[in-house]
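Participant: Here's a structure for you.
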There are 4 protein chains.
Amino acid sequence: MNHEKVAIVGASGYSGEELVRLLGRHPGVELVALTSRQLAGQTVGTVFPRFAGLPFAGLAFIASEVGAIVASGARFVFLALPHGVAAEFAQPLVAAGLRVIDLSADFRIKDPAVYEEFYGAPLPAPELAASSVYGLPEIYRERIRGAQLIASPGCYPTSVIVPLHPLLKKRLLKPASIVINSLSGVSGAGRNAKTELLYVECNESVRAYSVPKHRHLAEIEQELSAAAGERVTVTFLPHLIPVNRGIFTTITAAPAEGVTGAEIGAALTEAYGGEAFVRLLGETGTPDTKNVTHTNFVDVAWRSDPRTGRIVLLSAEDNLVKGASGQAVQSLNVMCGWPETTALL
Amino acid sequence: MNHEKVAIVGASGYSGEELVRLLGRHPGVELVALTSRQLAGQTVGTVFPRFAGLPFAGLAFIASEVGAIVASGARFVFLALPHGVAAEFAQPLVAAGLRVIDLSADFRIKDPAVYEEFYGAPLPAPELAASSVYGLPEIYRERIRGAQLIASPGCYPTSVIVPLHPLLKKRLLKPASIVINSLSGVSGAGRNAKTELLYVECNESVRAYSVPKHRHLAEIEQELSAAAGERVTVTFLPHLIPVNRGIFTTITAAPAEGVTGAEIGAALTEAYGGEAFVRLLGETGTPDTKNVTHTNFVDVAWRSDPRTGRIVLLSAEDNLVKGASGQAVQSLNVMCGWPETTALL
Amino acid sequence: MNHEKVAIVGASGYSGEELVRLLGRHPGVELVALTSRQLAGQTVGTVFPRFAGLPFAGLAFIASEVGAIVASGARFVFLALPHGVAAEFAQPLVAAGLRVIDLSADFRIKDPAVYEEFYGAPLPAPELAASSVYGLPEIYRERIRGAQLIASPGCYPTSVIVPLHPLLKKRLLKPASIVINSLSGVSGAGRNAKTELLYVECNESVRAYSVPKHRHLAEIEQELSAAAGERVTVTFLPHLIPVNRGIFTTITAAPAEGVTGAEIGAALTEAYGGEAFVRLLGETGTPDTKNVTHTNFVDVAWRSDPRTGRIVLLSAEDNLVKGASGQAVQSLNVMCGWPETTALL
Amino acid sequence: MNHEKVAIVGASGYSGEELVRLLGRHPGVELVALTSRQLAGQTVGTVFPRFAGLPFAGLAFIASEVGAIVASGARFVFLALPHGVAAEFAQPLVAAGLRVIDLSADFRIKDPAVYEEFYGAPLPAPELAASSVYGLPEIYRERIRGAQLIASPGCYPTSVIVPLHPLLKKRLLKPASIVINSLSGVSGAGRNAKTELLYVECNESVRAYSVPKHRHLAEIEQELSAAAGERVTVTFLPHLIPVNRGIFTTITAAPAEGVTGAEIGAALTEAYGGEAFVRLLGETGTPDTKNVTHTNFVDVAWRSDPRTGRIVLLSAEDNLVKGASGQAVQSLNVMCGWPETTALL
């Protein structure tokens, strides 16, 4: 396996920590720079006590500066930064010829108007966004291979797009009928010291939020529309539940005229039967977040309901792995020509 | 306040315990018999250490026998028994002239064919079921007042029927469009020593179950059909989440032609503005199970989504209180002519 | 029951919320003022959505000003304020003739040197501290009755002092042998938006903290010394565990020469057999926080270990009720000559 | 790295599952037999849905029979069986020349009288127990290397013996002064469908249990006595807390005459400074179970308390990894001459 020099920018949050965990053990990766505004000078083992004693524990954070990142010799850079900030780094890094995998929302949305509608600010770098590749390897593998800039998908969108994409592409569902309910663990909200994220406020609590217009809806609809070949508008209802990690998504939709449950299953099997990270649980299995946490798997099951005529799709993933950092590493594996499961099984 | 003699049959489970808690403090209630097959001879304070030291802690369980219950002088009997068993007690107790509030499913379903379809056994006592009153005071208050037998609603159905009933009654929604996702705490599964209910199996886990045909669907559709004046078939998708108590329900539906979000809000306000236990949180508030646990409230909010044209209804309740024992006590209050909030605020 | 006008100052935190819950239903209490710097102008039902729909939900917060509190006509004032701030209110309120029940640490410590050692600041009002009464009714009931200023105990100290006090008073234990391990739910740390209190940081985590010199040690040793009639120095080791509420305390100690386990049990029974809020579980029962949460009980059990000769004491309480607000209300009941269990069972 | 054929007997519980996870990825291990009475015929991926899609997911369970295990060609056998049952397998397997790593208590206790006192049954195979090696590599590494039968330590004992062993060996502590409080996650109780282990019974609950004579005390005292060179009797107080995994242990002890805190730290550093799996956090760091779950690390910190003269030792580990299966694999690595961290970092 060839080796590549890799940098992580902004590694202080939950997805940054997960990137360090995954890349720190990756046999093809040499971590040459870890940056953080607040943590510069500290080592991985100090900042993340969980990693003390591991081979990469002695790596020291440096300040988040483009020059230093370029000087590190990194050929690949992961950005684990807030949206808006990511673009400030991506532009000069791409210009300097580095290949960038961005975990923020800055390049996921192609249409500036949609971005502005959902994020309340102009799309930071429209041309770069236009040339970026949405980093869902199960769908865009070929384009990821040669991409200069990957817009790695959001956690909710991954859990939604994976089950729906092949069905919409084959026109097996009526797009306007789609209703998505998602349940996310609290790490999805990041390591932010907000009152509503305190233990006591989240434990023994369940609540919907950002109803009916969560930011991830922009990304979901863009990709579902691409699959369907027509503009798709859906209902997406996220909920916060008291687990650290995990997203469970339940989707209902009406099948297209004459489409049977068996065809749904066949289309999912055709799309994902050969995929390493999509586990199809069929018409009787049930995803459970506890089976996917700390893994890069997304588990998918389906039911057809003869009483209502609806199809039900169920998926589960770890929001920080397949929903964020694991998927980003999966893209790296694709970009480098390594086995896609490297460091991820 | 007049006093009534009351018995609880089968008080060893979670909803039985909750009945004891509520009735033990009820200023109008004299608990004259507490029965349990397994616990006969023991006191409330021993069986439920939480209740030791409370005024009713010394009450002793007796064996679950109809004769003993009648002999206790009870005029009202709560049945907290498994379905099938409840009917065996309800029949002779009703025949003896006692008024019965049953928390099981035995009398909720009026149509024997529907019962058999969902419960896999014949409806135990069809005539009694036909004459029973569904114990949702917000909807059936007048009939509850004089009822001999109350079929107290299930936990999920309460969280679903409360928001939907007035809207279907006024034909503000398209019934066929209704999709219900519900999230329940683990106490909803009862105090049953099953592997899948162990702490380690439920903690850090979320999963759907009984998709697409949970037993409570029978009850939900019966009551929604009654409201709509037509047969209503809906999608109902329950999920198990790691909290002790609480149900959060998220419903999407298409409004009937020309119906606005304001009309939805107005109908809910008209129906529940004067209700003590339905808290309307409007178009911006968000229910959260932590605000309703250990209370008899059901919190309801709504949104209209101009992008999809759908209405979103959100509700939260405690599955053991408004979803079971609190609601049963609320029915007792109605039956006795006491203020409906007695012992429940 | 006579009625008294009562004010709560600083009701925005967890113990303030619990005071509102308890006093809002108290049949002898008229809440005439609720104050909060941040929440002035808002109602109880808005600030605490859990309380919406309750009879006291409409009460409005006013600004935290001494003049306004006095003007409210309150004869009793609860202070739920940070230490340091509490004394600023207590002094003028006491001077104005009001009776004050303070939940902070400002008056618990009588010795200015000890206070300064543990709190890193001078004791705010030494004379007032000297004249205050430590609000543990099981021990200081008679003095509480006529007190002008109550220093209501801390959560950990209550769980420690209750089991140890009668044993030290009767010289049944060797004071120097005492080792205390306590486990507290996260609400003990208050509603503070700190990273280490986030859900993800506390869930699936256990950790000791403030070892070996937590602030509550000052209070524990003061009261144990008073009981023993000699200076007592103990080991106190607090831990944070992932529950919302509850403190579990495990104490080991060597019995004094010749003292038997039976004498330990007899002394606890003598001290607490007639107490409404101390439940003695004996030599075989085991306290469990789930049996005391949301109650004012403290459950106590004991064991003698013939192998080591040690005595083990186990206690459990709700840190926000018997460990804070419930106990404060218990003091109010004593001060007003009301049944001590009023609003607390 | 040479390869060895390995069998796991009784892989259906939590520690069996963890063994599969660790050995399934071990580069030196070929899993040739997985046995289970109940699961024979099923595959790993079916029994443990978490492992579906992993390279070892297709392994099929066979019945638990000695003949079949021998026939599999396994040279090393892990026993993850209830105590009593383990010895029935160990005897013939050892006789057949296989090397056995037993995770039960059957061979941990050398003294038949002690075993019988704590387990209420005769020591199953006293000669084998006498010849077995206690599988704590940090202490018995040299003997483990050539051992035929490893008695792998219990979860609590590991967390206790690691910090205390070097201190007792150097006579830095007064053995009679030792008091141990341990907090364990619920997986420590196994995958047993008991009411007291249900989610609702453990969540929002903390309780001590088996006070003062838990079975692991036998093992703890045996090893501490061996270290001290004298009979050591200690107080050990286990508690159940609502986490899936993790043990936190807090030990207090009086230092031997004239011993300083610095000497304690020095002795721990001398003993473990070169150990891969013992992370010393010093006099200011604090172990936290969330930093060790899913790892083979045990984190250790210490404090000296000048007020009481006591030493406080704090440790944290994952009860299923360093406290069970990880430690067993660590022994395998030692026995096979592989790097001790193989498959464990």
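The values are calculated or read from the model by the stated rules, or taken from the named source; none is laboratory data. Please read these numbers as outputs of a predicted model, since none were measured by experiment. No Cβ is skipped: glycine too gets one built from the backbone with ideal geometry, and neighbour counts run over all protein chains shown. Surface areas here come from the heavy atoms of the whole protein model, side chains and all, with no ligands, DNA or RNA. Shrake-Rupley method; radii C 1.70, N 1.55, O 1.52, S 1.80 Å.
Participant: Count, for each residue of C:304-313, the Cβ atoms from other chains sitting within 10 Å of its Cβ, then give me the mean as a whole number.
Facilitator: If you average over the peptide's residues, the count of other-chain Cβ atoms is 4.
Participant: A follow-up question, please. Which residues, if any, in the stretch D:238-271 have at least 30 Å² less accessible area in the whole protein complex than in the isolated chain, probe 1.4 Å?
Facilitator: So the qualifying set is D:HIS239, D:ILE241, D:PRO242, D:VAL243, D:ASN244, D:PHE248, D:THR250, D:THR252.
Participant: Tally up the carbon and sulfur contribution to the accessible surface of the stretch C:179-253 as a whole percent, 1.4 Å probe, everything protein left in place.
Facilitator: Result for the stretch C:179-253: 44 percent of the exposed heavy-atom area is carbon or sulfur.
Participant: Right, here's the next one. Using the Karplus curve 6.51 cos²θ - 1.76 cosθ + 1.60 with θ = phi - 60°, work out ³J(HN,Hα) for each residue of the stretch D:224-235 in order, rounded to whole Hz, and write x for Gly and Pro.
Facilitator: 5, 5, 4, 5, 7, x, 7, 6, 10, 10, 10, 8
Participant: I've got another one for you. For the stretch B:5-47, which semi-axes, largest first and in whole Å, follow from the square roots of 5 times the eigenvalues of its Cα gyration tensor?
Facilitator: Details: eigenvalues 55, 23, 17 Å².
In descending order the semi-axes read 17, 11, 9 Å.
Participant: Still on this model: Would you work out the relative contact order for the stretch B:210-292, in percent, from Cα pairs under 8 angstrom that are 6 or more residues apart?
Facilitator: Value for the stretch B:210-292: 25 percent.
Participant: Any idea what % of Cα-Cα pairs in the stretch A:158-208 are farther than 12 Å?
Facilitator: Within the stretch A:158-208, distances greater than 12 Å cover 73 percent of Cα pairs.
Participant: A follow-up question, please. Measuring from a point 7 Å out along Cα→Cβ, what nm distances, shortest first, does B:ARG191 have to its partners in the other copies?
Facilitator: Copy-to-copy label distances for B:ARG191: 2.7, 3.3, 4.2 nm.
Participant: So for B:SER210, C:SER12, what's the accessible-area order with a 1.4 Å probe, most first?
Facilitator: I get B:SER210, C:SER12, largest accessible area first.
Participant: Could you let me know the centre-to-centre spacing of the stretch B:258-319 and the stretch D:178-240, using Cα atoms, in angstrom?
Facilitator: A separation of 48 Å, based on Cα centres.
Participant: Just tell me how shielded A:172-178 is by partners: mean number of partner chain Cβ atoms within 10 Å of each residue's Cβ, no decimals.
Facilitator: Counting other chains' Cβ atoms within 10 Å and averaging over A:172-178 gives 1.
Participant: Let me ask something additional. With solvent modelled as a 1.4 Å probe, how much accessible area in total do chains C and D shield from it at their shared surface, in Å² to the nearest 100?
Facilitator: 3700 Å²
Participant: Rounded, prolate or oblate: which fits the stretch D:1-77 when a ≥ b ≥ c are the square roots of the eigenvalues of the alpha-carbon gyration tensor, with rounded for a/c under 1.5 and prolate only if a/b beats b/c?
Facilitator: Here the stretch D:1-77 falls in the oblate category.
Participant: When only Cα pairs under 8 Å and 6 or more residues apart are kept, what is the percent relative contact order across chain D? Working shown, then result.
Facilitator: Values: 771 pairs, mean separation 58.7, N = 345.
Here the relative contact order equals 17 percent.
Participant: For the protein assembly as shown, compute Rg over Rh where Rg is the Cα radius of gyration and Rh is the Kirkwood radius from the inverse mean 1/r over Cα pairs.
Facilitator: Details: Rg = 32.0 Å, Rh = 33.4 Å.
Here Rg/Rh amounts to 0.96.
Participant: Return the tail of the calculated pair distribution for the stretch C:190-253, meaning the percent of Cα-Cα pairs more than 13 Å apart.
Facilitator: The share of Cα pairs beyond 13 Å in the stretch C:190-253 comes to 72 percent.
Participant: Would you tell me the mean number of C-beta atoms belonging to other protein chains that fall within 10 Å of each C-beta in B:284-296, as a whole number?
Facilitator: Per-residue shielding by partner chains comes out at 5.
Participant: Rounded to the nearest whole Å³, what is the per residue volume of the convex hull around the Cα atoms of the stretch D:232-291? Mind dumping the intermediate values first?
Facilitator: Details: hull volume 7.8 nm³, N = 60.
Considering the Cα atoms of the stretch D:232-291, their hull volume per residue is 130 Å³.
Participant: Just to verify a number: FRET efficiency for A:ARG191 and A:GLU30, C-beta to C-beta distance, R0 = 30 Å, to 0.05?
Facilitator: Values: r = 27 Å, r/R0 = 0.89.
Calculated value: 0.65.
Participant: Say a label goes 7 Å from Cα toward Cβ at C:GLY58 in every copy; what distances in nm does this one have to the rest, shortest first?
Facilitator: 4.2, 7.1, 7.3
Participant: Here's something else I'd like to know. Over 30 Å between Cα atoms, which of C:LYS174/C:LYS194; A:LYS170/B:LYS213; C:LYS110/C:LYS174; C:LYS174/D:LYS290; B:LYS290/C:LYS213; A:LYS110/A:LYS169 qualify?
Facilitator: Violating the 30 Å limit, Cα to Cα: C:LYS174/C:LYS194; C:LYS174/D:LYS290; B:LYS290/C:LYS213.
Participant: Using r as the Cβ-Cβ distance of C:GLU230 and A:ARG141, and R0 as 60 Å, what FRET efficiency do you calculate, to the nearest 0.05?
Facilitator: Once the sixth-power term is evaluated, E becomes 0.20.
Participant: Taking H as built 1.01 Å from N, whose amide H comes closer than 5 Å to the amide H of C:LEU237, not counting residues under 5 places away?
Facilitator: Placed amide hydrogens put C:ILE180, C:ASN181, C:SER182 under 5 Å from C:LEU237.
Participant: How many Å² of accessible area per residue for the protein assembly as shown, probe 1.4 Å?
Facilitator: Normalised by residue count, the accessible surface of the protein assembly as shown is 31 Å².
Participant: Per residue, what volume in Å³ does the Cα convex hull of the stretch C:138-288 take up?
Facilitator: Enclosed volume per residue, from the Cα hull, is 134 Å³.
Participant: Sorted by accessible area with a 1.4 angstrom probe, largest first, how do D:LYS322, B:LYS110 fall?
Facilitator: B:LYS110, D:LYS322
Participant: Under 1.5 on a/c is rounded, so check that first for the stretch D:260-303, then, if it is not, pick prolate when a/b is larger than b/c and oblate when it is not; a ≥ b ≥ c are the square roots of the alpha carbon gyration tensor eigenvalues.
Facilitator: Cα axes put the stretch D:260-303 in the oblate bin.
Participant: In addition: In whole Hz, what ³J(HN,Hα) sequence does the stretch C:325-337 give by Karplus (6.51, -1.76, 1.60; θ = phi - 60°), x for Gly and Pro?
Facilitator: With coefficients 6.51, -1.76 and 1.60, one gets 6, x, 4, 5, 5, 4, 4, 4, 4, 5, 4, 8, x Hz.
Participant: To continue, here is another question. Sort A:VAL70, B:VAL44 by heavy-atom solvent-accessible area, probe 1.4 angstrom, most to least. Working shown, then result.
Facilitator: Details: A:VAL70 60, B:VAL44 0 Å².
From most accessible down to least: A:VAL70, B:VAL44.
Participant: Considering just Cα atoms, how many Å³ per residue does the convex hull of the stretch B:242-345 enclose?
Facilitator: Cα convex hull per residue, to the nearest whole number: 111 Å³.
Participant: Relative contact order (percent) for the stretch D:23-145, with alpha-carbon contacts under 8 angstrom and 6 or more residues of separation?
Facilitator: The normalised contact order for the stretch D:23-145 reaches 16 percent.
Participant: Please give the Cα centre distance for the stretch A:12-32 versus the stretch B:35-79, rounded to the nearest Å.
Facilitator: So the separation of the two Cα centres works out to 60 Å.
Participant: Give the long-range amide H neighbours of C:ARG310: residues separated by 5 or more places, or on another chain, with amide H under 5 Å away, using H modelled in the peptide plane at 1.01 Å from N.
Facilitator: Counting only residues 5 or more places away or on other chains, the set is C:ASP305.
Participant: Plugging the Kirkwood radius over Cα pairs into Stokes-Einstein for chain A, at a temperature of 25 °C and a viscosity of 0.890 mPa s, what D comes out in µm²/s?
Facilitator: Details: Rh = 20.4 Å.
It comes out at roughly 120 µm²/s.
Participant: Another question, then. Classify the stretch D:40-94: rounded, prolate or oblate, from the alpha-carbon gyration tensor (a ≥ b ≥ c, eigenvalue square roots; a/c under 1.5 rounded; otherwise prolate if a/b is larger than b/c)?
Facilitator: prolate
Participant: If you don't mind, there's one more thing I want to ask. Return the Cα extents of the stretch B:1-142 along principal axes one, two and three, sorted largest first, each rounded to a whole Å.
Facilitator: For the stretch B:1-142, the Cα spread along each principal axis is 48, 34, 27 Å.
Participant: Still on this structure, please answer the following. Would you kindly give the portion of the calculated P(r) for the stretch D:127-213 that falls above 15 Å, as a percent of all Cα pairs?
Facilitator: Values: 2669 of 3741 pairs.
Taking all Cα-Cα pairs of the stretch D:127-213, the fraction more than 15 Å apart is 71 percent.
Participant: Under a 5 Å amide H to amide H cut-off, with H placed in plane at 1.01 Å, what residues pair with A:PHE78 once short-range neighbours are removed?
Facilitator: Residues meeting the amide H criterion: A:ALA7, A:ILE8, A:VAL9, A:ILE101.
Participant: Going 7 Å from Cα along the Cα-Cβ axis for the label, what nanometre distances separate C:GLY258 from the same residue across the other copies?
Facilitator: 3.7, 9.7, 10.0
Participant: How big is the stretch C:68-122 by the Kirkwood estimate over distinct Cα pairs, in Å? If you can, show how the numbers build up before the last one.
Facilitator: Values: mean 1/r = 0.0841 Å⁻¹.
This gives a value of 11.9 Å.
Participant: Roughly how many Å² of A:SER131 are accessible to a 1.4 Å probe, to the nearest 10?
Facilitator: Answer for A:SER131: close to 70 Å² accessible.
Participant: Ok, one more. Quick one: work out the % antiparallel among DSSP beta bridges in chain D, nearest 5.
Facilitator: Antiparallel: roughly 45 percent of the beta bridges in chain D.
Participant: What does the accessible area of B:THR43 come to, in Å² to the nearest 10, when a probe of 1.4 Å is used?
Facilitator: 40 Å²
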